[in-house]
Amino acid sequence: MYLAPVPRAKLTLRIPEGVWIGDISRRHPDSTFRILSALPAEAGGVGLVEVESDGVEAVLAAFRANDEVTEAHCLHRADREALVQFETTNPLLLLPVQGSGVPLELPFEIREGKARWTVTAPHDRLSALGDQLTAFDIPFDVEVVSEVTPAESLLTETQRDLVERAVVAGYYDSPRTCSLTELAEQVDAAKSTVSETLHRAEGAVMKAYLDRE
């Protein structure tokens, strides 16, 4: 059975002034905020963010001091990185996604007030996402739109690249010839990010496999 390609778009969003994550990222321009998960909650939103920065302590202090962040728990701390679970009263970036019904590919990064998204959806949904972003006064640029097959859209670009690196490195060999720590060093990413990304990719592949049974 032939399955037609679907559009995949890469967007750069400019987070408005006054939105906590945008303001913090602008005040710490050397920092990268990698959103690993984000969900709407009854009175806002909850999420998991990995922070990479030369001033991690200052970033964590900014999280805790911001009125829109009701909770910020540091789950892991290293020299230049921290894994933070947060709750916020202003999950602005989730609202256009909810309103348009477009699934947001995770993780995505925020730097200097800009969020970079990859989304895969039919043209009408992508158009609806653009309308929602405009309605919430979130300026954005469409960097590229390409066509991908359903098999290619199974994994995000980040997941696919990491899985390929893991296979080449021997992470999936039996016995394993590359540890998670070694793989993280090879791709220059935090161990927690590599683990989370591989876990999501493996879950997507397994679910797709079972759906075909």
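If you place +1 on the Cβ of every Lys and Arg, -1 on the Cβ of every Asp and Glu, and leave all else neutral, what size is the dipole of the range 1-156 about its Cα centre, to the nearest 20 Debye?
The dipole magnitude comes to about 220 debye.
Using r as the Cβ-Cβ distance of Ala65 and Asp188, and R0 as 35 Å, what FRET efficiency do you calculate, to the nearest 0.05?
0.70
Please arrange Glu196, Glu202 by how many other C-beta atoms lie within 10 Å of their C-beta, fewest to most.
On the way: Glu196 19, Glu202 14.
Arranged by neighbour count, lowest to highest, Glu196, Glu202 become Glu202, Glu196.
Can you spot the aspartates and glutamates whose alpha carbon is less than 17 Å from Lys207's alpha carbon? Ignore those fewer than 8 places along the same chain.
Filter leaves Glu105, Glu152, Glu196.
In Å, what Kirkwood hydrodynamic radius results for the chain from the alpha-carbon pair distances? Before the final figure, lay out the partial values.
Working: mean 1/r = 0.0543 Å⁻¹.
After inverting the mean inverse Cα-Cα distance, the result is 18.4 Å.
If you put +1 on each Lys and Arg Cβ and -1 on each Asp and Glu Cβ, how big is the dipole of the range 1-72 around its Cα centre, in Debye rounded to 20? Display every interim value, and only then the final one.
On the way: 7 positive and 11 negative charges, 96 e Å.
About 460 debye.
Lys and Arg at +1, Asp and Glu at -1: add these up for the other residues within a Cβ distance under 12 Å of Arg34 and post the number.
That works out to -3.
Under the classification rounded if a/c is under 1.5, otherwise prolate if a/b is larger than b/c and oblate if not, where does the range 44-123 fall, given a ≥ b ≥ c as square roots of the Cα gyration tensor eigenvalues?
prolate
Quick one: if you stick a label point 7 Å off each Cα along the C-beta vector at Asp161 and Met206, how many nm between them?
Reported label-point gap for Asp161 and Met206 is 2.6 nm.
With +1 on each Lys and Arg Cβ and -1 on each Asp and Glu Cβ, and nothing else charged, work out how big the dipole of the range 85-213 is about its Cα centre, in Debye to the nearest 20.
Computed about the Cα centre, the dipole is about 240 debye.
List every residue whose amide H lies under 5 Å from the amide H of Leu36, counting only residues 5 or more places away in sequence or on a different chain, with H placed 1.01 Å from N in the peptide plane.
Amide H neighbours of Leu36: Leu48, Val49, Glu50.
Values quoted throughout were computed directly from the atomic coordinates according to the rules given, and no laboratory measurement underlies them. Given the structure is predicted, the values throughout are model-derived calculations rather than measurements. FYI the Cβ positions are ideal-geometry reconstructions off the backbone, even for glycines, and counts take in every protein chain you see.
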